[in-house]
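The values are calculated or read from the model by the stated rules, or taken from the named source; none is laboratory data. Not measured: the values here are computed from a predicted model. Positions of Cβ are backbone-derived with ideal geometry, glycine not excepted, and every protein chain shown enters the neighbour counts. Note: areas computed on protein heavy atoms with side chains; ligands, DNA, RNA excluded. Shrake-Rupley method; radii C 1.70, N 1.55, O 1.52, S 1.80 Å.
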Amino acid sequence: QTDFSQELRARFTGLEDWRFTVGGYYYKGTTDQIFQRGVGGPPFTGIVTPLSGQNNTSNTIENVALFGSVEWDLLDNLTLTAEARWAEDEITVEQRDQVTGELVQANNASFDNVTPRFTAVWSLTDDLNLYGNIARGTKPGYFNDSEQCPDLPPEVDEESAWNYEIGLKGSIWDDRATFAVAGYFLDVEDQQLTTVCENPATGATSSGISNVGK
């Protein structure tokens, strides 16, 4: 398994009531399952052979993102923040016969989205803050093994969610104790659920992903 990531950002604070942030992000991760072996052959010989019906799998995920934010001190005790992030995920999954090396299955898909977030923080006192935020998040789609899970769709759609939250944070007894209380609501679409499936040819169980709605 190999991973590489890099983030660069710049922050500007030259204006009295305004602050700005811009940046970019890159990630690439690859996981290779090289070989699966098991003890086989005549009994008690200890001969190690490839596990029958198993494939070598290579997963590659590449993510590119650009983001920015603006903070504004509307009042001395009220700050508003608007943020946005554009991201693209490219996912490639390849399966090869572990004995012959022949390509058995190949899948490739790209998922791009924009995820905003809006935040307000109101300092009621020096020790008490009221806040609220609205944000959208996503989870990229993926692929199912059509041989292991023939009843599941071969490609899974991206999951998305809007999050609404309001809360109160503060400290008491000269900062010797802190407290926080919050309420939130999640509105999820195309929710991804991992489920158990059965290979009709071998009877072996595996796991796959399906979209189950809101």
**Report entry** Filter pass, residue 124 being touching a Gly at 6+ places or on another chain (Cβ under 6 Å), at pLDDT below 95 and either farther than 27 Å from residue 83 by Cα or open to solvent by 70 Å² or more (accessible area, probe 1.4 Å) (or both)
**Finding:** no
Query - Residue in region 6-21 that is buried (at least 16 other Cβ atoms within 10 Å of the Cβ), among the aromatic types (Phe, Trp, Tyr) and modelled with pLDDT of 85 or more present - result: no
Query raised in the report: Based on what the data block shows, is residue 90 among the acidic types (Asp, Glu) and surrounded by 15 or more Cβ atoms within 10 Å (Cβ to Cβ)?
Result: yes
Report task. Given the conditions (1) closer than 22 Å to residue 59 by Cα; (2) touching a Leu at 6+ places or on another chain (Cβ under 8 Å); (3) at pLDDT 90 or above, report the number of the one that residue 208 does not fulfil. Result -> (3)
Report task. Hey, could you check region 186-214 for residues that are farther than 30 Å from residue 164 by Cβ and loosely packed, with under 13 Cβ neighbours inside 10 Å and say which is nearest to the chain's Cα centre (by Cα)? Result -> 196
Query raised in the report: Of all residues in region 55-78, how many are touching an Asp or Glu at 6+ places or on another chain (Cβ under 9 Å) and either more than 14 Å from residue 22 (Cα to Cα) or hydroxyl-bearing (Ser, Thr, Tyr) (or both)?
Result: 14
Report task. Could you tell me whether residue 115 is of a type in the set (Val, Ile, Thr) and modelled with pLDDT of 95 or more? Result -> yes
Query - Index of the failed condition, residue 77 passing every other in (1) at pLDDT below 95; (2) in contact with a Gly (Cβ under 6 Å, 6 or more places away or on another chain); (3) under 23 Å from residue 179 (Cβ atoms) - result: (2)
Query - Failed criterion for residue 108 (all others in (1) more than 25 Å from the chain's Cα centre (by Cα); (2) open to solvent by 70 Å² or more (accessible area, probe 1.4 Å) hold) - result: (1)
Query - Hey, residue 2 modelled with pLDDT of 85 or more, of a type outside the set (A, V, I, L, M, F, W, C), open to solvent by 40 Å² or more (accessible area, probe 1.4 Å) and over 27 Å from the mean Cα position of the chain (by Cα) or not - result: no
Requested in this report: Give the residues of region 135-163 that are open to solvent by less than 50 Å² (accessible area, probe 1.4 Å) and touching a Lys or Arg at 6+ places or on another chain (Cβ under 8 Å), sorted by residue number.
Outcome: 135, 158, 159, 160, 161, 163
Query raised in the report: In region 47-67, how many are open to solvent by 50 Å² or more (accessible area, probe 1.4 Å) and either part of a strand (DSSP E or B) or modelled with pLDDT of 65 or more (or both)?
Result: 8
